[in-house]
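Have a look at the structure below before the remarks.
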Amino acid sequence: MALRELAVFAVPSTGSKGRVYKEDPPDYRTEFQRDRDRIIHCSAFRRLEYKTQVFVNHEGDMFRTRLTHSIEVSQIGRTIARALNVNEDLTEAICLAHDLGHTPFGHAGQDALNNCMKNFGGFEHNLQSLRIVDVLEERYPNFPGLNLTYETREGILKHCSKNNALELGDLGERFIKNHKPSLEAQIANIADEIAYNNHDVDDGLRANLLEINLLNQSELFEENFKEVIKKWKSLSERQMRHEVVRRMINYIVGDLIENSKELIEEFNLKDVNAVRESRQSLIKMSKFSEKKHNDLKRILRKELYEHEQVRRMTKQAKKTIQHLFNAYMKNPSFLTNELYTKIKKNTKNKYEKEKARIVADYIAGMTDRFALSEYKRIGDKK
Ligand code: MG
């Protein structure tokens, strides 16, 4: 099969550092296509459909969920990867997996679970994404998890504290050495930001939580909004909103591609190791556009994520997670039979810590609606 010639600084399709458990190479796919396919087929990926991005899943069918968000991230990531001639399959795999470890109820859920786990090693969604693909998914007879390539796992692990990095072997090394991941991983990271900034404008306007006047404080929004209403005099609100968002994405992605091309050229990268050792991100917007992008991000944080209606949901989410955690810890028989048996068998010294991790894994894997129904079920039993 003829493969597109990739740039020297891309992760080569046939040059992976490999998988933890050795496997024969795939017949018709690259190793990274295989990773992407394994991600799409896993249960954690399917559950993203019913997990909150900003809005709780049952608030309306039109809003983004973690699944549609991940697909948008991957679409933006692939455009950038192809334009820079780096590995599109790897970029896609990282993008699709980047949010697998999210708890129900978005960031509020993660904060609550982290708080519950503060005496047991904490909870971090990014590490949890890795834990899902490395350990928690049970799909293969010969190994735990999905046994993904080093490069996909490297991309999934966006942040990591030095303490956690020490426990992660070769994957944690870059956080200790202050190295960067591949360009493909850097693309996935920024594609995530571009996707949520823009789709949150769309969802926020649709939900009437944002107003045009407020968004016009952002240069990025205002410029594109003015252009659109000048060009078309009688657009519906819906057409206007979509056209503005489309233009904002095009502008930022275009700027990012051109600016990154220049940076990559400046660094004269010989291979992917040179990318890792460069110690600075090479996938970057120009200063000028980065400021516009960050201004919009700030406005969204203040006006949307802190909006009273969103905060009300946040409060309820925290209460739900906390209640579930305490109930399962106190009475593990509320868990599934399988998990209950696993906890009963466990008699090591670290008993409480291991029990807490099993509970946290279980809660983190829940969809919004399952968490709510568990909350109700357990509440009814008391
Ligand atoms: Mg994301």
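The values are calculated or read from the model by the stated rules, or taken from the named source; none is laboratory data. None of the values given here were measured: they were computed from a predicted structure. Glycine also receives a Cβ, built like all others from the backbone with ideal geometry; neighbour counts cover every protein chain displayed. Remember, those area values only see protein heavy atoms, side chains included, never the ligands or the DNA or RNA. Shrake-Rupley method; radii C 1.70, N 1.55, O 1.52, S 1.80 Å.
Quick notes
- Scanning region 103-131 for residues that are closer than 29 Å to V86 by Cβ and over 13 Å from the mean Cα position of the chain (by Cα) yields a count of 1.
- Helices (runs of 4 or more DSSP H) within region 107-197 that include 1 or more residues within 16 Å of the ligand (Cβ to nearest atom) and within 21 Å of F9 (Cβ to Cβ): 150-156
- Residue list for region 75-106, filter: more than 16 Å from the ligand (Cβ to nearest atom) and farther than 17 Å from Q33 by Cβ: T79, A83, L84, N85
- Residues in region 198-210 that are within 16 Å of the ligand (Cβ to nearest atom) and not β-branched (V, I, T): 5 in all.
- Residue in region 138-156 that is among the hydroxyl-bearing types (S, T, Y) and over 27 Å from S281 (Cβ atoms) present: yes
- For region 328-338, filtering for residues that are of a type outside the set (S, T, Y), out of contact with any Asp or Glu (no Cβ under 9 Å at 6 or more places or on another chain) and part of a helix (DSSP H, G or I) leaves 4.
- Beta carbons closer than 7 Å, at least 6 apart along the sequence or on distinct chains, pair a first residue in region 273-287 that is among the charged types (D, E, K, R) with a second that is part of a loop (DSSP other than H, G, I, E, B) and open to solvent by 20 Å² or more (accessible area, probe 1.4 Å) for R276/H179; R276/K180; E277/H179; R279/N178; R279/H179; R279/K180.
- Counted residues, region 201-223 - those being open to solvent by less than 40 Å² (accessible area, probe 1.4 Å) and among the β-branched types (V, I, T): 1
- Condition check for Y351: loosely packed, with under 15 Cβ neighbours inside 10 Å and at negative phi: yes
- For region 329-348, the criterion of a residue being among the basic types (K, R) and surrounded by 12 or more Cβ atoms within 10 Å (Cβ to Cβ) is satisfied by at least one position.
- Among the residues making up region 117-137, those that are under 19 Å from R38 (Cα atoms) and either open to solvent by less than 60 Å² (accessible area, probe 1.4 Å) or modelled with pLDDT under 95 (or both) are N126, L127, Q128, S129, L130, I132, V133, D134, E137.
- Test: residue in region 50-73 that is within 11 Å of the ligand (Cβ to nearest atom), closer than 26 Å to D271 by Cα and touching a residue at least 12 places away in the same chain (Cβ under 8 Å): yes
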